[in-house]
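The values are calculated or read from the model by the stated rules, or taken from the named source; none is laboratory data. Owing to the predicted nature of the structure, the values given are computational and were not obtained by experimental measurement. Reconstructed Cβ throughout: ideal geometry from the backbone, glycine too, with neighbour counts over all protein chains shown.
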Amino acid sequence: MSAGVIYTDNVRLTEEDEESRAISIVTPQFSIKGQGSRMVVNAVGAVEFNDLGGDADSANPRLLADANLELVEDHFFLDVDADAHQTSVDPFRASGVEAASQTGNTTTVYNYGFSPYFVSRVGELADLKVSYGYDEQRFSGNNRDTIEDSNRHTGNILLESLSGRSRLSWALTADYNKTDYLGENAVFDLDTEQRTAGLQLGYELSRKWQLTGTFGKEWNDFVSLNPSIDDTYWTAGVVWTPTRRTKIDAGYGERFFGNTPYINFSHTARRTVWKLGYSRDVTDNRSLRERQRTGNFLTDEFGQPIDPFTGEPIPIDEYLTTLNSGIRVNERFDSSFSIKGNRSTVTISARQSKQQRQVELSESTFNYAQVKFTRNLSRNLSANMAVSWDERKNSEDNALDSVTYRLRLGLSIEVGPMSSLSAAFTHSDRDAEGTDQFGSHQENRLSVTYLIRFK
């Protein structure tokens with residue numbers, strides 16, 4: 001449980017008529033872990049309540065929960081998962097890094113679903129997995145009618161060779177994905193149906209080198225200006241693992257929308273972690289809005305488990321996509337480098353997402369870079385600093401383009417074995433050509449929170 005106060009000198013994030021405000025917040029938190037002979041359950045969550053009122057959401061939830069049940073020993077299983085988080089509605093309107101702002105540009109995303117699956121060994125030849133999935137995405141808060149709710153059905157059949165039996169590995173795959181949007185405001189029917197069938201191959205040249213490739217066919221049914229969305233696909237790649245700590249997986253391919261190059265690089269040492277990734281693939285805004293399901297906020301840069309709720313105000317989701325629904329080609333780049341000393345950690349990260357909607361082939365680009373520094377000043381006192389750059393571009397209307405710079409300074413002190421006190425100051429400076437919430441603004445924000453933990 002944590003409680004605190006936030007002071008901002010521009011609660012509506014506007015260029016003119018700035019309004020200062022003190023905001024009270026209370027955040028109950030919980031964590032559940034359970035394991036039985038045939039069931040594993042994990043859940044972590046918090047809900048931040050504020051007294052903003054007006055067009056602001058009074059609650060900001062963050063939840064990540066999953067469970068696995070073994071229904072028939074060794075063969076039939078059931079996965080259940082759920083998550084909730086807040087995100088911006090329109091990425092080109094002003095929105096703060098925290099939900100406690102009166103911009104009217106946040107919404108709560110709820111994702112929940114289940115997936116039964118069957119696994120079996122096919123003689124001494126291969127492993128078989130057959131799965132079905134169903135999940136729902138719902139929006140709530142003041143903007144619940146702005147974004148369309150949706151349901152998704154998925155199916156997968158995977159027959160793959162046994163691991164370690166030969167230098168040659170193979171897999172036969174068949175996938176089905178159908179998304180139904182429940183809103184009535186869209187100009188086009190944005191429901192989608194995607195089917196693929198393919199062959200995956202791998203050949204181990206040595207312990208360090210492996211060749212990979214895929215070939216298949218896809219059948220798509222969604223609105224697109226591309227002349228053909230049904231086509232064959234292929235990839236050819238190589239995996240190089242020079243040491244147990246370093247791995248590079250790179251390749252090139254073709255799909256109905258063009259080329260699909262990719263690269264994934266990771267290097268881990270005792271004090272450094274470096275990751276880099278690039279891909280060009282098909283996705284939709286629904287998938288982009290559920291990125292928090294990966295659970296990355298439960299670990300630090302070195303993959304170590306952390307308490308995601310420090311008592312400070314809960315941030316909104318960083319993964320951006322446009323307001324409109326539909327299929328898009330997402331060209332994405334991610335990179336991060338962390339170095340850890342005895343008392344200090346420095347992390348440099350950068351990412352870019354170019355999203356081209358298939359309905360009208362318009363393009364939006366989101367760029368982000370950050371340098372973050374943390375240091376333990378003593379056994380009970382720590383400090384942190386972060387500088388970030390956030391650029392957003394819209395190919396249809398340059399007036400929506402913006403650049404935001406942020407500086408954040410923070411201190412945290414352990415005042416007891418189960419309690420801590422945190423303070424943070426954030427300065428934001430947004431430069432944009434639009435007006436009102438599409439325009440420029442500056443904000444200074446100070447937060448002080450007290451956290452107490454109960455076992």
Which residues, taken from segment 207-230, are at pLDDT below 95 and under 30 Å from THR241 (Cβ atoms)? ARG207
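Among the residues in segment 136-147, are any at positive phi, buried (at least 18 other Cβ atoms within 10 Å of the Cβ), outside any strand (DSSP E or B) and touching a residue at least 12 places away in the same chain (Cβ under 8 Å)? Show your work before the answer.
Kept after step one, since they are at positive phi, are these residues of segment 136-147: 141.
From what is left, the residues that are buried (at least 18 other Cβ atoms within 10 Å of the Cβ) are 141.
Going one step further and asking which of them are outside any strand (DSSP E or B), we end up with 141.
Retained after the next criterion (residues that are touching a residue at least 12 places away in the same chain (Cβ under 8 Å)): 141.
Yes, the conditions are met somewhere in segment 136-147.
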With respect to PHE222, determine if the residue is without any contact (Cβ under 8 Å) to a residue 24 or more places away in the chain and touching a Leu at 6+ places or on another chain (Cβ under 9 Å). no
Cβ-Cβ distance below 6 Å, separation of 6 or more or different chains: which pairs start in segment 173-191 with a residue that is assigned to a strand (DSSP E or B) and crowded, with 16+ Cβ neighbours inside 10 Å and end on one that is modelled with pLDDT of 90 or more and of a type in the set (S, T, N, Q)? ASP175/ASN156; ASP175/THR196; ASN177/THR154; ASN177/GLN194; THR179/SER150; THR179/THR192; TYR181/SER150
List, please: which pairs have Cβ atoms under 6 Å, are six or more places apart or on different chains, and start with a residue in segment 355-370 that is surrounded by fewer than 18 Cβ atoms within 10 Å (Cβ to Cβ) and end with one that is of a type in the set (S, T, N, Q)? SER362/SER395; GLU363/GLN356; GLU363/SER395; ASN367/GLN352
Can you find a residue in segment 27-35 that is crowded, with 16+ Cβ neighbours inside 10 Å and among the basic types (Lys, Arg)? no
Test set (1) within 16 Å of the chain's Cα centre (by Cα); (2) under 29 Å from PRO417 (Cβ atoms) - SER336 fails condition number: (2)
Could you say which residue among GLU148, GLU160, GLU136 is in contact with a Leu (Cβ under 9 Å, 6 or more places away or on another chain) and within 18 Å of GLU290 (Cβ to Cβ)? GLU148
When segment 43-55 is examined, which residues are found to be part of a strand (DSSP E or B) and over 15 Å from ALA84 (Cβ atoms)? ASN50
Please verify whether segment 114-127 includes one or more residues that are under 20 Å from the mean Cα position of the chain (by Cα), part of a strand (DSSP E or B) and modelled with pLDDT of 95 or more. yes
Going through SER166, SER150, SER140 one at a time, which residue ends up being in contact with a Gly (Cβ under 9 Å, 6 or more places away or on another chain) and not charged (D, E, K, R)? SER150
Can you tell me which of (1) over 28 Å from ALA46 (Cα atoms); (2) exposed (fewer than 15 other Cβ atoms within 10 Å of the Cβ); (3) modelled with pLDDT under 80 is the one GLY341 doesn't meet? (3)
For segment 322-352, give me the residue count where each residue is under 16 Å from SER279 (Cβ atoms), out of contact with any helix residue (DSSP H, G or I) (no Cβ under 8 Å at 6 or more places or on another chain) and not aliphatic (A, V, I, L, M). 8
Criterion violated by ALA65 - all others in (1) closer than 26 Å to ASP390 by Cα; (2) in a strand (DSSP E or B) satisfied: (1)
For segment 430-455, name all the residues that are closer than 26 Å to LYS393 by Cβ, out of contact with any helix residue (DSSP H, G or I) (no Cβ under 9 Å at 6 or more places or on another chain) and part of a strand (DSSP E or B). ARG430, ASP431, HIS441, GLN442, GLU443, ARG445
Of everything in segment 422-438 that's small (Gly, Ala, Ser) and at pLDDT 90 or above, which residue is farthest from ALA383 (Cα to Cα)? ALA432
Regarding segment 364-382, can at least one residue be identified that is assigned to a strand (DSSP E or B), modelled with pLDDT under 95 and charged (D, E, K, R)? no
Say we look at segment 22-37 and pick out the residues that are among the polar types (S, T, N, Q) and more than 25 Å from the chain's Cα centre (by Cα); which of these is nearest to SER419 (Cα to Cα)? SER24
Find all pairs meeting these conditions: Cβ atoms under 9 angstrom apart; at least six residues apart or on different chains; first residue within segment 405-421 and over 16 Å from SER382 (Cβ atoms); second residue acidic (Asp, Glu). TYR405/ASP390; TYR405/ASP429; TYR405/ASP431; ARG406/ASP390; ARG406/ASP429; LEU407/ASP429
Of the residues in segment 241-263, those that are surrounded by 15 or more Cβ atoms within 10 Å (Cβ to Cβ) and of a type in the set (Phe, Trp, Tyr) come to PHE256, PHE257, TYR262
Reported set for segment 256-267 where residues are assigned to a strand (DSSP E or B) and at pLDDT below 95 is GLY258
Checking the conditions here, which among PHE114, PHE49, PHE118, PHE77 is farther than 30 Å from ARG38 by Cβ and among the aromatic types (Phe, Trp, Tyr)? PHE49
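Outside any loop (DSSP other than H, G, I, E, B) and within 30 Å of ASN444 (Cα to Cα): which single residue out of VAL109, VAL80, VAL40 fits that description?
Only one candidate passes the filter, namely VAL109.
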